[in-house]
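Reviewing the structure listed below.
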Amino acid sequence: MEPITYQTYRNCTLCPRMCRVDRTRTPGFCGCRDQLTAARAALHQWEEPCISGTSGSGTVFFTGCTLRCCFCQNFSISQEGFGRELSASQLARIFLSLQDKGAHNLNLVTPSHFLPHILDALSQARPALTIPVVYNCGGYERPETIDALAGYVDIYLPDLKYFRSDYSREYSQAKDYFQKASQAILRMIRQAGPPILEPESGLMKKGVIIRHMVLPGAKEDSVKLLHWMKESLPPGGYLLSLLSQYTPFYHAESHPKINRRITSYEYRKVVDEAIRLGLTHGFMQEKSSAKEEYTPPFNLEGLDA
Ligand code: SF4
């Protein structure tokens, strides 16, 4: 892959969709042209404890998405285009202002389709930036893009959503999701190395956290993903975050199988299998955590830099 520059927008291959559109003229599948937009930049408490810590994670929510899942809880920004346009210099100032507010890290949420701007902003902020950079993504990435992030990103926080291609096609229009996400995660682990947490604070400094949200009626798919992790990823090379918070947002009502929350039984079966396989480094949720506090208000907070 060519180095990622602003020219990349003119024949976009930033994600596995490989749209090759000229985003100066037209948006690709992600819904975005070549102007970076974001909906919120604020301290966020709802990540894993080693990311949120006590002060919060300095989270920037970008507009648009390369997956556009039918059940997305952030649909107003991921699919309906809400957000404010920002230059790379403004974004760099936002990064530093989050650091000044006490953020434990800089948390880039769904960043891949704006990488030319984001890499520029990180380069501008870098001389003053002392906190780790977290790449918080849906897992649907090109390995080449992950390689291009070496030196910019300290912590990867990818989802691993589906094993079965019929699920990924129906819910995210990405038949090749597992194929792409599994390769990208291997690259992330190779690049970031095993998890490093500060002994006193427990805050993460480097490494990979794989997030998997159990979907209704799909516990066997979760189990297949756990088996892949056990067989293909280095033991101790990552943390696993098993999420129980699925809520049928957005267009989930058009997909009867996922138009409900998961049951305690479904989540417990997946947790039991993770324990049986020895995948116990990481985080599990109380089943009661399916609350809407996980969706922050998208109100342009923190974007006046
Ligand atoms: S980032 Fe957007 S335009 Fe570029 S390849 Fe991915 S979906 Fe297509």
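The values are calculated or read from the model by the stated rules, or taken from the named source; none is laboratory data. Everything quoted here is computed from the prediction, not taken from an experiment. Neighbour counts run over all protein chains shown; Cβ positions are idealised from the backbone, glycine included.
What tally of residues in segment 260-273 results from selecting those that are in contact (Cβ under 8 Å) with a residue 40 or more places away in the chain and touching a helix residue (DSSP H, G or I) at 6+ places or on another chain (Cβ under 7 Å)? Number satisfying all stated conditions: 5. The lone criterion from (1) within 8 Å of the ligand (Cβ to nearest atom); (2) touching a Pro at 6+ places or on another chain (Cβ under 9 Å) left unmet by residue 42 is number (1).
Of all residues in segment 61-87, those satisfying the criterion of being touching a residue at least 60 places away in the same chain (Cβ under 8 Å), more than 16 Å from the ligand (Cβ to nearest atom) and out of contact with any helix residue (DSSP H, G or I) (no Cβ under 8 Å at 6 or more places or on another chain) are 74, 75, 76, 84. Of the residues 24, 8, only one is surrounded by fewer than 24 Cβ atoms within 10 Å (Cβ to Cβ), at pLDDT 95 or above and part of a loop (DSSP other than H, G, I, E, B); which? One residue alone meets the criteria, 24. Within segment 121-149, being free of Cβ contacts under 8 Å to residues at least 60 places away in the same chain and part of a helix (DSSP H, G or I) holds for 121, 122, 123, 124, 125, 126, 127, 128, 143, 146.
Only one of the numbered conditions (1) surrounded by fewer than 21 Cβ atoms within 10 Å (Cβ to Cβ); (2) within 15 Å of the chain's Cα centre (by Cα) is not met by residue 158, and that is (1). Somewhere in segment 12-32, is a residue at negative phi, more than 10 Å from the ligand (Cβ to nearest atom) and in contact with a strand residue (DSSP E or B) (Cβ under 6 Å, 6 or more places away or on another chain)? So far as segment 12-32 goes, no, none of its residues is at negative phi, more than 10 Å from the ligand (Cβ to nearest atom) and in contact with a strand residue (DSSP E or B) (Cβ under 6 Å, 6 or more places away or on another chain). The numbered conditions (1) surrounded by 22 or more Cβ atoms within 10 Å (Cβ to Cβ); (2) within 14 Å of the chain's Cα centre (by Cα) are all true for residue 178 except (2).
Going through (1) more than 16 Å from the ligand (Cβ to nearest atom); (2) outside any loop (DSSP other than H, G, I, E, B) one by one, residue 47 falls short only on (2). Within segment 208-215, not a single residue is loosely packed, with under 15 Cβ neighbours inside 10 Å and at negative phi.
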